[in-house]
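Below: the structure, in structure tokens.
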Amino acid sequence: DTAINKYLDEDPKNKHIIYETFALDNNEVFFRSLHKLFFYKNEKITLIDKINKKKFGVSRYLNNKLYVAITGLGIAIIENKQPILIPNSEIFKGKTITGFHLFENNNLVIFTRKSGVYKQINNEFKKIKHNLIDNIGVIYRTYNLTNNRIGLATYEGFYIFNKHLEPSLHLDSNSGLRVDNVRSVFEDDIGNTWLGL
């Protein structure tokens, strides 16, 4: 194992907690902290600093596009190492985004921590009325699973929804989990789903 922080042009005492890491199609590796976005390739790190002192939130790499929530601003697509805010995404500036997913016609579906789920329709984001999702107290994170499924890590257990947002599974302490508070989800190469409690 080799530390790559030696390639950073900043004080080595700076500590960055990394929340997400993705391998990008151009052989770069992307890392997200609250204050910086890092792109590593060929022993070089390129940085994007926070915008207008706003923190970076959840990020996802979907269909070769990198999406990042920016607290208090909206959602950005990162193009050529520049964050470009998606029009009308300021609807999320007072909400915490917990996951991005792509549906038909590459429209985004956005899950929020406590404000439900939204769908991008004609360059606008519309809240989807969904009795089950609207009644989940806290959606901590959402994850893209195989077969166009979406996994929800919540404070009330783990849910799986299909691409039509129909529920197919709910696990909680009544069905075998040690606790209801699910914080992370990982699907391995052979299709096993792992939950961080």
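The values are calculated or read from the model by the stated rules, or taken from the named source; none is laboratory data. Only a predicted model underlies this, so the values are computations on that prediction, with no experimental measurement involved. All Cβ positions, even for glycine, are placed from backbone atoms using ideal geometry, and neighbour counts span all protein chains on display. The accessibility values were calculated without ligands, DNA or RNA, using every heavy atom of the protein model including side chains. Shrake-Rupley method; radii C 1.70, N 1.55, O 1.52, S 1.80 Å.
If I ask for residues that are within 21 Å of the chain's Cα centre (by Cα) and of a type in the set (A, V, I, L, M, F, W, C), which ones from the range 172-190 would you list? Residues satisfying the conditions are 182, 185, 186. Pull up the range 38-51, narrow it to residues that are of a type outside the set (D, E, K, R) and part of a strand (DSSP E or B), then point me to the one that is surrounded by the fewest Cβ atoms within 10 Å (Cβ to Cβ). Checked the range 38-51; the qualifying residue surrounded by the fewest Cβ atoms within 10 Å (Cβ to Cβ) is 46.
Annotation: residue 179 fulfils all but one of (1) touching a residue at least 12 places away in the same chain (Cβ under 8 Å); (2) more than 12 Å from residue 117 (Cα to Cα); (3) hydrophobic (A, V, I, L, M, F, W, C); (4) in a strand (DSSP E or B); the unmet one is (4). Exactly one residue among 155, 140 is out of contact with any Phe, Trp or Tyr (no Cβ under 6 Å at 6 or more places or on another chain), within 18 Å of residue 69 (Cβ to Cβ) and open to solvent by 40 Å² or more (accessible area, probe 1.4 Å), and that residue is 140. Scan the range 1-17 residue by residue and report those that are surrounded by 12 or more Cβ atoms within 10 Å (Cβ to Cβ) and either at pLDDT 75 or above or outside any loop (DSSP other than H, G, I, E, B) (or both). The answer is 5, 7, 16. Across the range 52-66, the number of residues qualifying as closer than 9 Å to residue 35 by Cα and open to solvent by 40 Å² or more (accessible area, probe 1.4 Å) comes to 3.
Quick grid of which residues meet (1) touching a Gly at 6+ places or on another chain (Cβ under 9 Å); (2) free of Cβ contacts under 8 Å to residues at least 12 places away in the same chain; (3) among the β-branched types (Val, Ile, Thr):
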residue: 89; (1), (2), (3): yes, no, no
residue: 115; (1), (2), (3): yes, no, no
residue: 120; (1), (2), (3): no, no, no
residue: 126; (1), (2), (3): no, yes, no
residue: 130; (1), (2), (3): yes, no, no
residue: 133; (1), (2), (3): yes, no, yes
residue: 140; (1), (2), (3): no, no, no
residue: 163; (1), (2), (3): no, no, no
residue: 166; (1), (2), (3): no, yes, no
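Would the range 21-33 turn up any residue that is out of contact with any strand residue (DSSP E or B) (no Cβ under 8 Å at 6 or more places or on another chain), at pLDDT below 90 and of a type in the set (Asp, Glu)? There is no residue in the range 21-33 that is out of contact with any strand residue (DSSP E or B) (no Cβ under 8 Å at 6 or more places or on another chain), at pLDDT below 90 and of a type in the set (Asp, Glu).
Give the range 163-178 a look and list any residue that's surrounded by 13 or more Cβ atoms within 10 Å (Cβ to Cβ) and not hydrophobic (A, V, I, L, M, F, W, C), or say none. Within the range 163-178, 163, 167, 170, 172, 173 qualify.
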